[in-house]
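The values are calculated or read from the model by the stated rules, or taken from the named source; none is laboratory data. Computed from a predicted model, the values in this text were never measured in an experiment. When we count neighbours, we look across all protein chains shown, and the Cβ atoms used for this are built from the backbone with ideal geometry, even at glycine. Heavy atoms of the whole protein, side chains included, go into the accessibility calculation; ligands, DNA and RNA do not. Shrake-Rupley method; radii C 1.70, N 1.55, O 1.52, S 1.80 Å.
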Amino acid sequence: NSDSPFDRATASALNPQPRPTTEPQHNEASLSAEDLFERAMDEVDSGLIADAMRSLDLAIELNPLYAEAYFERGQLHYDHEQYFNAVNDYQSALQNDYDYPIETYYKLGLAYFHQDDYTQAIEAFNMAIELDSDYESAIYWRGRSYAESGDYQDGIDDMLQSIEKGYDQLQYAYFWIAKAYADSENYESAIRYYNISITHSAKDCETYSCWIDYNNR
């Protein structure tokens, strides 16, 4: 233990040792699905996303009923805009009785939304809201889904309801309410809600492109 790094390097060079074919810390054959899952979570925390994905793949290979692993792999797919894969993983988590179905239905709805599959998104958000009628984010995104599919009034009603229940991204909510009114050619209401959106977005133009409120108004 008293050797300096130079001394150890010199000794190694003078007396080379055979390199083990498999390093013990990488011997995955002895790891359980739970071990691999915990390793994946550590890898996520360290920003090693590709490694985390591989660890979750292995965990699911060992335990095809591992709902939590499906959900976390779905999260990684979602975060990297791989929405088709995210949908499959969230569905597998639900099929295997994941402990947090409300969140899973919500994330499933978002994954469908980003694939422009608004019918399936609405169904997923409905399930989340059925389990928690005060889930303001699910109500908001259901409203967005209605509006994107051309059902403007249901979309507006949902987005207004989400605000009443505490949805805090007000600059976005009021913007999309205004846009739904504009798309339905109710321009008077659209202008009114763009005005409201501007009162919120103008406070934070650095992170929210408030110019679009002015442009659309």
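Quick check: net charge around ALA128, other residues with Cβ under 12 Å of its Cβ, Lys/Arg +1 and Asp/Glu -1?
So the environment of ALA128 carries a net charge of -4.
I'd like the orientation of helix 5-14 relative to the chain: the angle between its Cα long axis and the longest Cα principal axis, in ° from 0 to 90, rounded to 10.
Roughly 50 degrees, rounded to the nearest 10.
Tell me the angle of helix 170-183 to the major Cα principal axis of the chain, expressed in degrees between 0 and 90 and rounded to the nearest ten.
That helix lies at roughly 50 degrees to the long axis.
What net charge do the residues around HIS77 carry, taking every other residue with its C-beta under 13 Å from that of HIS77, with Lys and Arg at +1 and Asp and Glu at -1?
Cβ neighbours under 13 Å give a net charge of -3.
How do ILE177, ILE163 stack up against each other in accessible area, from largest to smallest, with a 1.4 angstrom probe?
Result, largest first: ILE163, ILE177.
Can you show me the helix-derived [θ] at 222 nm for the chain, built from DSSP H runs with n ≥ 4 at -39,500 (n - 2.57) apiece and divided by the number of residues, rounded to the nearest 500.
Taken over the chain, the calculation gives -22000 deg cm²/dmol.
How charged is the neighbourhood of LEU108? Take every other residue with its Cβ under 12 Å from the Cβ of LEU108, and add Lys/Arg as +1 and Asp/Glu as -1. If you can, show how the numbers build up before the last one.
Values: positive: LYS107; negative: ASP89, GLU103, ASP117, GLU123.
Net of charged neighbours comes to -3.
Once the Cα atoms of helix 33-45 and of the chain are each reduced to a long axis, what angle between those two axes, in degrees from 0 to 90 to the nearest 10, is obtained?
70 degrees
If you wrap the chain's Cα atoms in a convex hull and average its projection over all directions, what's the area in nm²?
Quarter of the Cα hull surface area: 18.3 nm².
Before anything else, pin down the relative contact order of the chain: Cα pairs under 8 Å, at least 6 apart, normalised by residue count, whole percent.
Rounded, it is 9 percent for the chain.
Would you list ASP97, ASP132 from the most to the least accessible area, probe 1.4 Å?
Per-residue accessible area, sorted high to low, gives ASP97, ASP132.
For LYS107, tell me the accessible area in Å² from a 1.4 Å probe, rounded to the nearest 10.
30 Å²
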